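Notes follow the structure.
The values are calculated or read from the model by the stated rules, or taken from the named source; none is laboratory data. Keep in mind the model is a prediction, meaning the values are calculated, not measured. Every residue, glycine as well, gets a Cβ built from its backbone with ideal geometry; the counts of neighbours run over all protein chains shown. The area values use the complete protein model at the heavy-atom level, side chains included, leaving out ligands, DNA and RNA. Shrake-Rupley method; radii C 1.70, N 1.55, O 1.52, S 1.80 Å.
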Amino acid sequence: MTDCEGDGSAGLTPLELYEKLTVQGDTVRALKSQKADKADIETAVKLLLALKVDYKKLTGQDYKAGCPPTNVEIPSDNGPASEEGDDLVNPWAVSTSSAKGVDYDKLIVRFGSSKIDQELVDRIERVSGQRAHRFLRRGIFFSHRDMHQVLDAYENKKSFYLYTGRGPSSEAMHVGHLIPFIFTKWLQDVFDIPLVIQLTDDEKYLWKDLTLEDCHRFAVENAKDIIACGFDVNKTFIFSDLDYMGSSPSFYRNVVKIQKHVTFNQVKGIFGFTDSDCIGKISFPAIQAAPSFSNSFPQIFNDRKDVMCLIPCAIDQDPYFRMTRDVAPRIGYPKPALLHSTFFPALQGAQTKMSASDANSSIFLTDTPKQIKTKVNKYAFSGGKDTIEEHRKYGGNTEVDVSFMYLTFFLDDDEQLEKIRQDYTSGALLTGELKKLLIETLQPMISAHQERRKQVTEDMVKQFMVPRKLDFNY
Ligand code: TRP
């Protein structure tokens, strides 16, 4: 068994490996409950993860406690919860020990999703008739669930809709928050389809120390930044949960249906809730799931419940949609498809994502050209060498260099980016020069955003947020 070379699992049969995994899972749980030494827990978790990867390689299935391997090759949709493994990725926290950032290939295995490979990128180009967005060309959107089905249907003249969202935890948004919206806007344009955007002010109220009024106000303020991304008002519905939930019988009916078909045990497994979490948190996932079903929006879809939904989001939101995809068939709805993005790294390095609560870790949408320059020069983690002489001799490392990473997100010209990569790697381009290129890319981009946001009036916000019919021909 040559492709099964993890820690001590070579030569095992699927069943033997399964048993080994079960024992290792117990070990990890025991160590955790005894509050054992951190390093010991980490070692045990690493071994568990390696075994899981081997298991998937060997059987084509995700390891699930209580489900021994079967002969049929059905990759499981309901990957394990993300509390194990060296990279921590869940809706509330992202961290890794590697300066290169999260190991996204491992995440695909752990979550049981599929890689966005060149074939899929080519197919998206063929079906949409447009050159793929740089986020697709560069693997920033790197993982998916059921995207081929969406394209199959679209080719057969069956349209779909887009759903994405944002948790409005403050007025301040940073460039990382724009990634899903920039991409969603592109999808809306090339496929010419409707979009619903959920602002989970209720979620932020439940999780943070904020008042309901604050959360709702943040939702409206954030809506302005979202609108400034250029969405078409005739095809886009933006809603605050606090407003829409109470006004839409159809939406609430779906929430209740979902609530009835997911147990406490399941959400504990998926989200790690404990007995001391408030019941609002425990039932919230049903509210984030509901927009995945078209009859939550009868004003848009004329009560149809079978319009397919595609959700572009960062990979940390996947737990919500694993749950959604699990309940969908049980309540008679199609499963939503997904496109997952990587995280936008903090200025200080890719070990974690940008955080809105640390002003120095992020480039905010309100930053002045001068603030952008200072932050990049002062904080952007460099893959360059300590002295110019050394840098010229050995070159820089673009794999850990945050300025280079940001350019891969925002510099559209592939040739220019490749030249920068080569020059930095060879040492021809210095860190200061690389930073200057980034500053010159970010400054006009942020200024343009600020200009567009200024044009967004209260009246326009209302137009986007009123439940209404959208341009949509199914
Ligand atoms: N929970 C998300 C957040 O905190 C917000 C959200 C709601 C979302 N629905 C979504 C994100 C759908 C992506 C896709 O940011």
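Assuming Asp232 fulfils every condition listed in (1) open to solvent by less than 10 Å² (accessible area, probe 1.4 Å); (2) charged (D, E, K, R); (3) away from the ligand (no atom under 15 Å from the Cβ) apart from one, which condition is it? Condition not satisfied by Asp232: (1). In segment 201-218, which residue that is in a helix (DSSP H, G or I) and basic (Lys, Arg) is nearest to the ligand (Cβ to nearest atom)? Here the residue is Lys204.
Every listed requirement among (1) under 29 Å from the mean Cα position of the chain (by Cα); (2) within 30 Å of Asn295 (Cα to Cα); (3) not aromatic (Phe, Trp, Tyr) is met by Leu411 save one, (2).
This table checks each residue for (1) basic (Lys, Arg); (2) closer than 15 Å to Ala337 by Cβ.
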| residue | (1), (2) |
| --- | --- |
| Arg145 | yes, yes |
| Phe160 | no, yes |
| Tyr163 | no, yes |
| Glu171 | no, no |
| Lys185 | yes, no |
| Val190 | no, no |
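Residue count for segment 276-297 under the criterion of being among the hydroxyl-bearing types (Ser, Thr, Tyr), open to solvent by 30 Å² or more (accessible area, probe 1.4 Å) and within 15 Å of the ligand (Cβ to nearest atom): the result is 1.
Every residue, every condition in (1) free of Cβ contacts under 8 Å to residues at least 24 places away in the same chain; (2) touching a helix residue (DSSP H, G or I) at 6+ places or on another chain (Cβ under 6 Å); (3) within 25 Å of Leu434 (Cα to Cα), yes or no:
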{"residue": "Pro298", "(1), (2), (3)": "no, yes, no"}
{"residue": "Asp316", "(1), (2), (3)": "no, no, no"}
{"residue": "Pro319", "(1), (2), (3)": "no, yes, no"}
{"residue": "Arg322", "(1), (2), (3)": "no, no, no"}
{"residue": "Lys335", "(1), (2), (3)": "no, yes, no"}
{"residue": "Leu338", "(1), (2), (3)": "no, yes, no"}
{"residue": "Gly395", "(1), (2), (3)": "no, yes, yes"}
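Could you check segment 314-336 and list, in sequence order, the residues that are in contact with a strand residue (DSSP E or B) (Cβ under 6 Å, 6 or more places away or on another chain) and buried (at least 22 other Cβ atoms within 10 Å of the Cβ)? Across segment 314-336, the qualifying residues are Ile315, Phe321, Pro336. Of everything listed in (1) at negative phi; (2) open to solvent by 10 Å² or more (accessible area, probe 1.4 Å); (3) away from the ligand (no atom under 15 Å from the Cβ), the single unmet condition for Asn302 is (1). Note on segment 317-353: among residues that are modelled with pLDDT of 95 or more and among the charged types (D, E, K, R), the one that is farthest from the ligand (Cβ to nearest atom) is Arg330.
Condition check ((1) not hydrophobic (A, V, I, L, M, F, W, C); (2) not in a helix (DSSP H, G or I)) across all residues:
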{"residue": "Tyr252", "(1), (2)": "yes, no"}
{"residue": "Val255", "(1), (2)": "no, no"}
{"residue": "Cys309", "(1), (2)": "no, yes"}
{"residue": "Tyr320", "(1), (2)": "yes, no"}
{"residue": "Thr324", "(1), (2)": "yes, no"}
{"residue": "Arg330", "(1), (2)": "yes, no"}
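List pairs: first in segment 154-166 and more than 6 Å from the ligand (Cβ to nearest atom), second at pLDDT below 95 and among the hydroxyl-bearing types (Ser, Thr, Tyr), Cβ under 8 Å, 6+ apart or cross-chain? Matching pairs, first to second residue: Lys158/Tyr474; Ser159/Tyr474. Tell me which residues, restricted to segment 179-198, are in contact with a His (Cβ under 9 Å, 6 or more places away or on another chain) and either outside any helix (DSSP H, G or I) or open to solvent by less than 10 Å² (accessible area, probe 1.4 Å) (or both). Scanning segment 179-198 gives Phe183, Leu187.
With respect to the conditions (1) assigned to a helix (DSSP H, G or I); (2) over 16 Å from Gln288 (Cα atoms), Gly246 falls short on a single one, namely (2).
The set of residues in segment 305-316 being within 16 Å of the ligand (Cβ to nearest atom) and more than 18 Å from Arg166 (Cα to Cα) consists of Met308 alone. Right, Leu438: touching a residue at least 40 places away in the same chain (Cβ under 8 Å), in a helix (DSSP H, G or I) and under 27 Å from the mean Cα position of the chain (by Cα) or not? So Leu438 fits the description; yes. Taking segment 235-275 as the range and being of a type in the set (Val, Ile, Thr) and either open to solvent by 10 Å² or more (accessible area, probe 1.4 Å) or under 21 Å from Lys224 (Cα atoms) (or both) as the test, the residues that pass are Thr236, Ile238, Val256, Val262, Thr263, Ile270, Thr274. The criterion of being open to solvent by 30 Å² or more (accessible area, probe 1.4 Å) and either out of contact with any helix residue (DSSP H, G or I) (no Cβ under 6 Å at 6 or more places or on another chain) or within 14 Å of the ligand (Cβ to nearest atom) (or both) does not hold for Gly176. Can you name every residue in segment 120-136 that is in contact (Cβ under 8 Å) with a residue 60 or more places away in the chain and within 17 Å of the chain's Cα centre (by Cα)? Those that are in contact (Cβ under 8 Å) with a residue 60 or more places away in the chain and within 17 Å of the chain's Cα centre (by Cα): Arg134, Phe135.
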